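The values are calculated or read from the model by the stated rules, or taken from the named source; none is laboratory data. These figures come from a predicted structure and were not determined experimentally. Neighbour counts are summed over all protein chains in view; Cβ atoms, including those assigned to glycine, are modelled from backbone coordinates with ideal geometry.
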């Protein structure tokens, strides 16, 4: 007998979990924990509330030579790759998570989220 374990084959979805987890030798793998019946509430996420994240609202981007960058002065205009009214990208820890619109509330800039970006795959 070798030290390698035999690969297990997955049972079809119509079989019960116990049948899918059995290796045919009479032993059964421990049962999976039950899935929650309702979505998590904010109280369920309390442990991660104090985890710091980097949030960026990207209005647009521009490319320029270092010399042009060093010559920038207050009041100068930097042309961005977006038009007025196009959505702003919202990144969390350098990952695109949403798009939104810039809003002004009591002389404070903010972002209204208009689209949540879901990762494909």
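Laid out as a table, the results:
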read-out: Some residue of the stretch 7-18 being over 30 Å from residue 99 (Cα atoms), part of a helix (DSSP H, G or I) and at pLDDT below 70; value: yes
read-out: The stretch 62-91, subset assigned to a loop (DSSP other than H, G, I, E, B) and either touching a strand residue (DSSP E or B) at 6+ places or on another chain (Cβ under 6 Å) or closer than 22 Å to residue 116 by Cβ (or both), residue modelled with the lowest pLDDT; value: 85
read-out: Matching residues, the stretch 92-112, being under 22 Å from residue 51 (Cβ atoms), part of a strand (DSSP E or B) and either without any contact (Cβ under 8 Å) to a residue 24 or more places away in the chain or within 17 Å of the chain's Cα centre (by Cα) (or both); value: 92, 95, 96, 97, 98
read-out: Residue within the stretch 38-51 that is more than 16 Å from the chain's Cα centre (by Cα), part of a loop (DSSP other than H, G, I, E, B), modelled with pLDDT of 85 or more and surrounded by 10 or more Cβ atoms within 10 Å (Cβ to Cβ) present; value: no
